[in-house]
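The values are calculated or read from the model by the stated rules, or taken from the named source; none is laboratory data. Keep in mind that what you see is a predicted model, and the values were worked out from it rather than measured. All Cβ positions, even for glycine, are placed from backbone atoms using ideal geometry, and neighbour counts span all protein chains on display.
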Amino acid sequence: MEPHPQDLLSAFLDHYSSKIILGTMKQPMGIREISKEFGIPLSVCYRRVKNLLEMGILIEKKNGKRTKYISKIDNFNAVLNFEKNEMFITLNADGKTYDLEGKIVEG
């Protein structure tokens with residue numbers, strides 16, 4: 001899995017994406033279910049789920065014609081040092097722990 005630290009940070013700082021990640025940590029949910037449960041417009045929900053799938057944060061669980069999504073993340077901690085423009089992220093996913101470092105703002 002090991003996504004880029006800036007992608008993770010942007011996903012967790014995004015209001016809708018963070019709701020989707022947190023809402024699917026314990027149980028798989030369908031897009032309509034996510035939309036209704038968290039008050040996310042359906043079209044926005046589709047886009048955010050697609051992005052989270054591409055980043056490897058969500059996985060699809062298919063059951064016949066129904067598709068549900070579940071977060072691969074079990075735990076997430078981030079420390080941001082704005083003075084040094086550094087971020088340190090510890091992430092538990094897929095039964096592994098990932099320690100990631102990166103710049104808050106590239107450039």
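When segment 32-58 is filtered for residues that are modelled with pLDDT of 95 or more and of a type in the set (V, I, T), the ones remaining, listed by number, are I34, I40, V44, V49.
Within segment 80-100, the set of residues being part of a strand (DSSP E or B), loosely packed, with under 14 Cβ neighbours inside 10 Å and over 17 Å from the mean Cα position of the chain (by Cα) comprises L80, N81. Taking segment 1-62 and the helices (runs of 4 or more DSSP H) fully enclosed by it, the elements with 3 or more residues that are surrounded by 20 or more Cβ atoms within 10 Å (Cβ to Cβ) are at 5-13, 15-23, 42-54. Listed conditions (1) within 30 Å of S35 (Cβ to Cβ); (2) in contact with a helix residue (DSSP H, G or I) (Cβ under 6 Å, 6 or more places away or on another chain) are all met by G102, apart from (1). Could you tell me which numbered condition M55 fails, if it satisfies all but one of (1) in contact with a helix residue (DSSP H, G or I) (Cβ under 6 Å, 6 or more places away or on another chain); (2) free of Cβ contacts under 8 Å to residues at least 40 places away in the same chain? If we test M55 against (1) in contact with a helix residue (DSSP H, G or I) (Cβ under 6 Å, 6 or more places away or on another chain); (2) free of Cβ contacts under 8 Å to residues at least 40 places away in the same chain, just (2) comes out false. Looking only at segment 65-89, which residues are among the acidic types (D, E) and modelled with pLDDT of 90 or more? If the condition is that a residue be among the acidic types (D, E) and modelled with pLDDT of 90 or more, then E83, E86 are the ones that fit.
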